[in-house]
Every structure is written in C-alpha cells, then in structure tokens.
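The values are calculated or read from the model by the stated rules, or taken from the named source; none is laboratory data. Predicted model only: the values in this text are computed from it and were never measured. All Cβ positions, glycine included, derive from the backbone under ideal geometry; neighbour counts span all protein chains shown. Surface areas here come from the heavy atoms of the whole protein model, side chains and all, with no ligands, DNA or RNA. Shrake-Rupley method; radii C 1.70, N 1.55, O 1.52, S 1.80 Å.
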Amino acid sequence: MLTISKFIERVDAILKNHCGTQVNKFAVKFGLSTKHTKHINRWVSFAIASKARAVILDLSPNRNPFAYDDNYAFPFQLFDGQNGSYLNVLQLESVTLGPSPDFCGFANLKMLDLHLVILLQDLRQLLSKCCVLEWLSIRRCFELSSLCVPEPLCRLQYLRLQNCAFRSIEFHAPNLTTFEYGGSPALMNFSKCLKLKTAAIWIDVTNTLKYMLTGIPSILPNVETMHVELLIRNEMSGFTWFPLKFISLKHLTMELTCWGNTKLVFQLAYLLEAAPLLEDLHFEMLGLGPISCPVEDVVDIMDLPHYHLKTVCITRFCGNDGQVELAKYILKNASILEHLILKLGGGEGCTSRVYILHGRKEAKERLAPLARDGVLTIL
C-alpha cells in the first residue's frame, strides 16, 4: 500500500521532470488533509503555471469523509488575477471552500463539481463570479441550507443538487435545460429557467407519489422529460382533481418501490390525469410480489380519457392486482395507445421463476382480452 510520504515523494518527482510543461488536466486523487497543505499548494501552483484547463482534487480516498476539521483549504489566493484565467473545469472532493470577499472569480470556468465540500460562506458569492459556468454539481455538502443565486448565470445548462440539506433553492438561469435533484423537499424557484426541459428527481419524503403530484408541477412546469424515483408506503385519499398539472410533460420514467398493500400501485393511474400530454410512460417496479389483495379492495379512480399516451412499459410485472388494475385502467382510458409492454420479473433466484409464471398467467387471462390487436406485448 502506498503511504502518504511515498505518494508525496512520487508526485514531487513527476512534477520536477515536467517543469515548464503545459498540461491540459491536473488531477490528485489521494487521501490528504490540512497537514499536507504546503505540498498540495505546491502542486496547485504547478497546475496554474502549466496553464491546466482542468484541476481535480479528490482528497477522500482512505479518509473519513466526515472528518471536516481536517479538510484541506482550497487556495483561492493562488488563482487571483490572471492565474485562474485558463481554468475551465474544477472538481473538488473533501476540501474546504472559503474564498475571500475580494476574490476575482474564475473568468472562464465552465464546469464546477463539489462533493463532500465544506463551505465557509454562502456559495452565491463564488457562483456570481463564474459568469460562463455551464455545468454545476453539488453533492453531499450538508451544511448548505440555501442556494439562492438571483444573479443571472446565463450559460448554465446543467444543474445537479444531491444529498445536501437544502430548504430553499433559487436560480436565474435562462438557458438551463437539465436539472437533477435528490434529497428532502425544498422551496424551489425556477420561474426564470424557461428552457428547463429535462429533470431527474428523488425526494426523501414519506408519501413521494403525493408530493410528485402536488408539489413538483409548480416547480417544473415546462419539463418535457422526467425520471422520478418513488417510495410508495401510504394510500392517498381525497384526490378527485388536480389544481396543478404537468402541462408540458411528454416522457416519464419511474423507478418505484412499493411497501405494503400491492393495491397502492394502482394509485399510479392518477398520472394520466396529472400529465394530460404524456406520450411515453415507463415503470420499473421494485419490492412487489404476486400476492394480491382482492380486486374489490382496489381504490376506485374515475375513468378519464387520455388522448396522447402511446407507449407504456411495466418492468418487473409479476401480476399482482395493483399492477393488473393499473394496466386495465391504461388499456381502457388511453385512447390512442399503441404499445403496452409487460416485462415479466421480480424476486430473486428461484422466486423469480414463480413471479414470471404468475405474471404471464395474469396478463394472458385478465389483460389480453381487453387489448386491441398488437397493443399488448408480454416479454
């Protein structure tokens, strides 16, 4: 195993042999901390002198990722003036960020990736000085409770926020097209992001389906393509109409885990009402088995015709009543449906065979008679 002292010695030797060489990417991936500041600063200075366009510091390997008081402090002072003008990509992991108020920023930075980073002040100050930023990712920066950047980030196209502690998020990014979010519900304002068309969402909340149907449409009204991960534990009640809808959503994929009564799956039928322009719908269903509740116990959802849905795919179809009733609802109400694809499966090992056999039997007996010729495919 390579020791820290040997690693430092090896890096110094390599850089000595390349003094004066222009490099495109400079990366350090080793478990280092504040004790090694003078060495890391020397390497960063080499990257600056070499006009590196990408700087990557991943100081997490073999370190406790939560040992925050031991983090290396990123040397913003080395990038002042023209020193940072060549930098296009900055990826940081297990470091501390604390730029001074007079830091001039990164004039040409296009990509910023922060993971397990300690922020000593509001990130807004740094982002407002990265005017050509196109790609921003912030993951597991736990002390970040607010990320409000009202100053325009006119070139930002991609934004990923995962596993932080956000309570409020606001961006003015007129060219933002893709947003990925994972974590607790937060107040979000993307009203000035009119080109935001693609989103991936995972929300840590007890009733994620209810939140998806009532909370997300107001946040992402212009999204056309969305991937959502859901955990369904509770039965919703009192849903007869939706004040807010996904008015632009055309393509939806859902990875869902259902714990409890299998009839909860049938609640997914509400999606047809919530997304009137939906064309493609794909379900990946986890945690389900063929054991079913009686059909009469499945919650009643009013039939409403849907005029745009063309393709539906249910992966891990094992033939429980919730899945069957959902498929029946789609066959009955999607007036121009072209394909209902059931990919049989579920369970592990020998139980998978049982699930497949039961799913095929239920599909042939209860769904095939309802489907127009060529619509139902059982795989």
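Per-residue 3J(HN,Hα) values for region 314-320, derived from phi via the Karplus relation 6.51 cos²θ - 1.76 cosθ + 1.60 with θ = phi - 60°, read 10, 8, 6, 6, 10, x, 6 Hz in sequence order (x marks Gly and Pro).
Axis of helix 37-49 versus longest Cα principal axis of the chain: the two differ by about 90°, to the nearest ten degrees. Using the Cβ-Cβ distance between Asp70 and Leu194 with R0 set to 45 Å, the FRET efficiency works out to roughly 0.55. With protein chains left intact and a 1.4 Å probe, residues in the chain average 46 Å² of accessible area per residue. Once the chain from Leu2 to Leu277 is taken as fully extended at 0.36 nm per residue, the excess over their C-alpha distance is 93.3 nm. Spin-label model, Leu187/Glu143: points 7 Å from Cα along the beta carbon direction are separated by 2.3 nm. Given 10 Å bins starting at zero, what is the percent of C-alpha pairs of region 1-101 in each, up to the one with the largest pair distance? Going from the shortest bin to the longest, the percentages are 15, 49, 32, 5, 0.
Would you kindly state how much longer the chain becomes between Asp122 and Leu304 on full extension, computed as 0.36 nm times their sequence separation minus their alpha carbon distance, in nm to one decimal?
Details: separation 182, 0.36 × 182 = 65.52 nm, distance 4.77 nm.
Stretched fully, the Asp122-Leu304 segment lengthens by 60.7 nm.
Sort 316-323, 37-44, 3-10, 154-161 by the packing proxy (mean of other Cβ within 10 Å over each peptide's residues), most packed first.
On the way: 316-323: 26.1, 37-44: 16.4, 3-10: 12.5, 154-161: 19.0.
The densest-packed peptide leads the list: 316-323, 154-161, 37-44, 3-10.
Highest average first, the peptides 133-146, 20-33 ordered by how many other beta carbon atoms sit within 10 Å of their residues are 133-146, 20-33. Calculate, in whole percent, how much of the Cα-Cα pair population of region 124-195 lies beyond 17 Å. The proportion of pairs with Cα distances above 17 Å equals 36 percent.
Using R₀ = 25 Å, calculate the FRET efficiency as 1/(1 + (r/R₀)^6) where r is the Cβ-Cβ separation of Lys364 and Glu284; round to 0.05. Present the calculation step by step, with values, prior to reporting the outcome.
Values: r = 22 Å, r/R0 = 0.90.
E between Lys364 and Glu284, to the nearest 0.05, is 0.65.
Taking only Cα atoms of the chain, what ratio of Rg to Rh do you get with Rh as the Kirkwood inverse-distance radius? Display every interim value, and only then the final one.
Values: Rg = 25.6 Å, Rh = 23.6 Å.
Reported Rg/Rh (Cα atoms, Kirkwood Rh): 1.08.
Binning all Cα-Cα separations of region 35-160 at 5 Å, short to long from zero, yields these whole-percent fractions: 2, 10, 21, 25, 23, 13, 5, 1.
For the chain, averaging the sequence separation of C-alpha pairs within contact (under 8 Å, six or more residues apart) and dividing by the residue count gives a relative contact order of 7 percent.
Among all the lysines, which ones have a C-alpha under 24 Å from Lys210's C-alpha, if same-chain residues fewer than 8 places away are not counted? Partners within reach: Lys197, Lys245, Lys250, Lys263, Lys328, Lys332.
If you wrap the Cα atoms of region 114-160 in a convex hull and average its projected area over all directions, you get 3.1 nm².
Around Trp135, what is the net charge, scoring Lys/Arg as +1 and Asp/Glu as -1 over all other residues with Cβ under 12 Å from its Cβ? List each step's numbers first, then the result.
Values: positive: Lys110, Arg155, Arg160; negative: Asp113, Glu134, Glu180.
Once positives and negatives cancel, what remains is 0.
Full extension of the segment from Ser352 to Asn83, taken as 0.36 nm per residue of separation minus the current Cα-Cα distance, would add 90.9 nm. Spin-label model, Lys16 to Cys104: label points 7 Å out along the Cα-to-beta-carbon direction sit 3.3 nm apart.
What number results when the radius of gyration of region 98-235, computed over Cα atoms, is divided by 2.2 N^0.38 Å? Let's see the in-between values first.
Working: Rg = 15.1 Å, N = 138, 2.2 N^0.38 = 14.3 Å.
Against the empirical 2.2 N^0.38 Å value, I get 1.06 for region 98-235.
Distance from the Cα centroid of region 98-139 to that of region 184-235 is 26 Å (rounded to whole angstrom). Taking the accessible area of the chain, probe 1.4 Å, and keeping the other protein chains in place, the carbon and sulfur fraction comes to 54%.
Only helices enter the 222 nm calculation for the chain: every DSSP H run of n ≥ 4 contributes -39,500 (n - 2.57), and dividing by all residues gives -5500 deg cm²/dmol, rounded to 500.
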